[in-house]
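> My questions will all concern the structure given below.
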Amino acid sequence: MAQALAIALAVLALAACGPSVPKLPRLDAGAVVLAFGDSLTYGTGAKPQEAYPAALERLIGRKVVSAGVPGETSEQGLARLPGVLEEVRPQLLILCHGGNDFLRRMDEGRAAANVRAMIELARGQGIAVLLLATPKPGFGAAKVKFYEELAREFAIPVEADVLADVLTSNKTKSDLVHPNAAGYAAIAEALAGMLKKAGAV
């Protein structure tokens, strides 16, 4: 009986820890992190110093280069990424793409293929990847499954909740599809927490 109780308590303790986060290489003190994406990375709806890359840089003590282009689709991002990787030479890529595909009702399968190709491009150059999932706009900001599917496929971390949470609260959004300063701060905190769990910082 005592042994069964001990096993049950151990299972509960493990469950309380939440799902495990795939590990990332530890970021050197001088490492560069590339935040790559669209307007959510650019920081539309807030001042430049309030965008999530700037807030994240302050939280993790590593240089975070913001490479967000408002209005960019995942196909356009895939075409732009090689040049940015060559210029920035990051140790870690934080990838947030797909939102404009969903806004324009473009094919979700193509968006998934483009995001997969971006992951493969970075990984092929020895660059670690963390995914930031974008929800579909609309009532409830529905989650898009392919981000978590790709994260499992490549065994990389994914922050799949924070943007959906931010964009469904009037306190953290500047409009229907963009956070405000408080929203970007929440995104940065969630990503910093994910990086700590993954062992990157």
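The values are calculated or read from the model by the stated rules, or taken from the named source; none is laboratory data. Please read these numbers as outputs of a predicted model, since none were measured by experiment. Here Cβ is always computed from backbone atoms with ideal geometry, including for glycine, and neighbour counts include all displayed protein chains.
> Identify all residues within region 61-79 that are closer than 20 Å to D107 by Cα, not in a loop (DSSP other than H, G, I, E, B) and not hydroxyl-bearing (S, T, Y); write none if there are none. I'd like the intermediate steps shown before the answer.
The first filter runs over region 61-79 and keeps only residues closer than 20 Å to D107 by Cα, leaving 70-79.
With not in a loop (DSSP other than H, G, I, E, B) added as a condition, the list becomes 74-79.
Selection gives E75, Q76, G77, L78, A79.
> I need the full set of residues from region 127-143 which are of a type in the set (A, V, I, L, M, F, W, C), touching a helix residue (DSSP H, G or I) at 6+ places or on another chain (Cβ under 7 Å) and modelled with pLDDT under 95, in order please.
Listed by number, the list holds a single entry, A141.
> Any idea which of P53, P135 is under 17 Å from P179 (Cβ atoms) and assigned to a loop (DSSP other than H, G, I, E, B)?
Going through P53, P135 in turn, the sole match is P135.
> Let me ask something additional. For region 26-48, enumerate the residues that are out of contact with any helix residue (DSSP H, G or I) (no Cβ under 8 Å at 6 or more places or on another chain) and either closer than 22 Å to N180 by Cβ or of a type in the set (V, I, T) (or both). Walk me through it before giving the result.
Here is the first cut: in region 26-48, the residues out of contact with any helix residue (DSSP H, G or I) (no Cβ under 8 Å at 6 or more places or on another chain) are 26, 28-31, 42, 44.
Passing the criteria: Y42, T44.
> May I pose another question? In the list G83, G99, G124, which residue meets the criterion of being touching a helix residue (DSSP H, G or I) at 6+ places or on another chain (Cβ under 9 Å) and farther than 19 Å from A200 by Cβ? Outline the logic, then answer.
Working: G83 fails: touching a helix residue (DSSP H, G or I) at 6+ places or on another chain (Cβ under 9 Å); G124 fails: touching a helix residue (DSSP H, G or I) at 6+ places or on another chain (Cβ under 9 Å).
It is G99.
> Out of all the residues in region 171-187, is one or more crowded, with 21+ Cβ neighbours inside 10 Å, in a helix (DSSP H, G or I) and of a type outside the set (A, V, I, L, M, F, W, C)?
Within region 171-187, one or more residues are crowded, with 21+ Cβ neighbours inside 10 Å, in a helix (DSSP H, G or I) and of a type outside the set (A, V, I, L, M, F, W, C).
> Search region 154-170 for residues being in contact with a Lys or Arg (Cβ under 8 Å, 6 or more places away or on another chain) and outside any loop (DSSP other than H, G, I, E, B), and hand back the single one that is farthest from K47 (Cα to Cα).
Filtering region 154-170 for residues that are in contact with a Lys or Arg (Cβ under 8 Å, 6 or more places away or on another chain) and outside any loop (DSSP other than H, G, I, E, B), the one farthest from K47 (Cα to Cα) comes out as F154.
> I would also like to ask the following. Just need a number here: residues in region 81-112 that are assigned to a helix (DSSP H, G or I) and surrounded by 15 or more Cβ atoms within 10 Å (Cβ to Cβ).
Residues flagged as assigned to a helix (DSSP H, G or I) and surrounded by 15 or more Cβ atoms within 10 Å (Cβ to Cβ) within region 81-112 amount to 12.
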